[in-house]
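Following: one structure in structure tokens, then a few remarks.
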Amino acid sequence: MLPRQVTIREVGPRDGLQSERPISPAERAAVVDQLARAGCRHIEAVSFVSERLVPAMAGAGEVLALVTTRETIRLSALVANLRGAVAALDAGVDELAATISASPIYNELNVHRSVAESLDQIEAICERAAGVGVPVDVIVSCAFGSPYEGDLPAAEVNDLCRRLREAGAVTATLADTTGMATPRLVTELVDLTGPDVGLHLHDTRGTALLNAYAGLQAGVTRFDSAAGGFGGSPFAAGAGGNLGTEDLVALLDDLGIISGVNLDAVADTARVIASLVGHAVPSRVSAVGARTRPRGSGDYAPK
């Protein structure tokens, strides 16, 4: 049975923009505000990571300070270590998103640590965040396969999720970082973890929406998506963009599943992001319009 309602964490301002040419903190804050007005109530707005390695995420504190809709939304920040977590907490975020990879090689490339070292760092982050009442969600990269090691046993990924809970993580999100997931793999892993996980899906091989539907059928009610379908890991060659928020919302609307997100308004925001980064929107719904809108009408969605 499909869920009646789902929660979408909009990751466009962070994951969607991290591999794009840098835009100003003021422009990024304006995108957050527009997404909030579109009904996105949970937004991963920034990351507190090395500005040298990820220049598009520079000025995280300034972005947060410029957001005018903070009282209406839950703001999340990605952090890679305790130092970044402290900076994010000082900036007043509502949630920390830490990261670890089920792929040892990807973990080394992404955060320059072994998986065991990342677990120690996450435990320290969780302890600091718990002290001020801020939850930590841990994003498990390459949960459905690694571009370096290939398929990863679902039992090992499930065991990593168990160790994350023991380290203090409030929630875990299974990330298909390089688009290796299939509906079968999603179902098999969620059968082990249980449905109380998030899904962070990428469309590298055109399966993100299929995998989201498989997650819905398995009872998952938390999904990450990015307006316009922008994004992709700068540390994984060929990684495609995120599941587009408007693509996901169009599916949910058709299924009668409540998301609280307005399809038209998110598609409008995707058009703004496209103009800021200087290239077309990857999302299919934004490219051709919602199914009730004739192709070539000039609008992203019906008005």
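Bear in mind these aren't lab numbers, they're just calculated from the coordinates by the rules spelled out. Every value quoted in this text rests on a predicted model; they were computed, and no experiment measured them. Positions of Cβ are generated from backbone atoms using ideal geometry, with glycine treated the same way; all protein chains shown enter the neighbour counts.
Remark: the range 274-289, residue by residue, has Karplus-estimated 3J(HN,Hα) of 4, 5, 6, 8, x, 8, 5, 6, x, 4, 6, 5, 5, 6, 10, x Hz, where x stands for each Gly or Pro and the curve is 6.51 cos²θ - 1.76 cosθ + 1.60 at θ = phi - 60°. Using 0.36 nm per residue and subtracting the Cα-Cα separation, the extra length available between residue 192 and residue 279 on full extension is 27.3 nm. Selection among 164, 89, 200 by position relative to the dipole of the range 7-284 gives 89 as farthest towards the positive end (Cβ unit charges, Cα centre).
I'd like to compare 250-257, 99-106: which one has the highest average count of other Cβ atoms within 10 Å, and what's the full order after that?
Working: 250-257: 16.0, 99-106: 23.4.
Per-residue mean Cβ counts within 10 Å order the peptides as 99-106, 250-257.
Can you tell me how much longer the chain between residue 149 and residue 50 gets when fully stretched, taken as 0.36 nm per residue apart minus their C-alpha distance, in nm with one decimal? Mind showing how you got there, number by number?
Details: separation 99, 0.36 × 99 = 35.64 nm, distance 2.64 nm.
Additional length available on full extension: 33.0 nm.
Around the Cα centre of the chain, unit charges on the Cβ atoms of Lys, Arg, Asp and Glu (plus for the first two, minus for the last two) sum to a dipole of about 660 debye.
With the simple model of a label 7 Å out from the Cα in the direction of the Cβ, residue 37 to residue 112 spans 4.1 nm. Multiplying the residue separation of residue 62 and residue 159 by 0.36 nm and subtracting their alpha-carbon distance yields 31.1 nm. Among 122, 275, 72, whose Cα lies farthest out toward the positive end of the dipole of the chain, if unit charges sit on the beta carbon of Lys, Arg (+1) and Asp, Glu (-1)? So the residue we want is 275. With the simple model of a label 7 Å out from the Cα in the direction of the Cβ, residue 124 to residue 24 spans 3.7 nm.
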